[in-house]
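First comes the structure, then the notes that go with it.
The values are calculated or read from the model by the stated rules, or taken from the named source; none is laboratory data. This structure is a prediction, so every number in the text was calculated from the model and none was measured. So basically every Cβ, Gly included, is an ideal-geometry build from the backbone, and we count neighbours across all protein chains shown.
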Amino acid sequence: MSEESCIFCDIVAGKIPCYKVYEDERTLAFMDVNPVTPGHVLVIPKTHYENLIEMVPGDLAAVHQTTQKVCAAIFNSLKPGGVAVLQLNGKGANQVVMHYHVHLIPRNRPKDKLKILEWAPKKGNTRSIKSKQGKIIEAL
């Protein structure tokens, strides 16, 4: 998705309204209009990047500083039991809007019945783990 057809770029440009909670020179935080739980906030860079890999260090740092600030505000104002901080990269990870963004999802488990962020640890295959480790190290 290019910047020209990006809904988040349109929000930054003021072409589409949003429920803004915070803004600075590099970032914007606004309420998700399709919230997973009440109080779900999105934090984005104002510059278009599709994913984490494309982000430049300064904008990445700015997004996560805003994430920290807004997360604290969610804790202080909404008093959830916790906040899930979620960031997806690529369609295979279910990234829907192809503009880097961080989800701040207030949680009160098990009361909120949100299963997407629930999983039980299971023993991994050591051979597979070592194989993936080698591939990642080689790519670095």
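Yes/no matrix, rows are residues, columns are (1) under 12 Å from the mean Cα position of the chain (by Cα); (2) free of Cβ contacts under 8 Å to residues at least 60 places away in the same chain; (3) assigned to a strand (DSSP E or B); (4) over 28 Å from Asn108 (Cα atoms):
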position: Val33; (1), (2), (3), (4): no, yes, no, no
position: Pro38; (1), (2), (3), (4): no, no, no, no
position: Ile44; (1), (2), (3), (4): yes, yes, yes, no
position: His48; (1), (2), (3), (4): no, yes, no, yes
position: Asp59; (1), (2), (3), (4): no, yes, no, yes
position: Val63; (1), (2), (3), (4): yes, yes, no, no
position: Thr67; (1), (2), (3), (4): yes, yes, no, no
position: Ala72; (1), (2), (3), (4): no, yes, no, no
position: Pro80; (1), (2), (3), (4): no, yes, no, no
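If you go through region 91-116 and pick out every residue that is at pLDDT below 95, part of a loop (DSSP other than H, G, I, E, B) and closer than 19 Å to Val43 by Cα, you end up with 3. For region 47-66, the condition of being closer than 24 Å to Asp10 by Cβ and aromatic (Phe, Trp, Tyr) holds for at least one residue. On the given criteria, is Val36 at pLDDT 95 or above, out of contact with any Cys (no Cβ under 9 Å at 6 or more places or on another chain) and surrounded by 14 or more Cβ atoms within 10 Å (Cβ to Cβ)? Against the criterion (at pLDDT 95 or above, out of contact with any Cys (no Cβ under 9 Å at 6 or more places or on another chain) and surrounded by 14 or more Cβ atoms within 10 Å (Cβ to Cβ)), Val36 does not qualify. Looking only at residues of region 3-18 that are at pLDDT below 95 and out of contact with any helix residue (DSSP H, G or I) (no Cβ under 9 Å at 6 or more places or on another chain), we find that the one that is nearest to Val96 (Cα to Cα) is Ser5.
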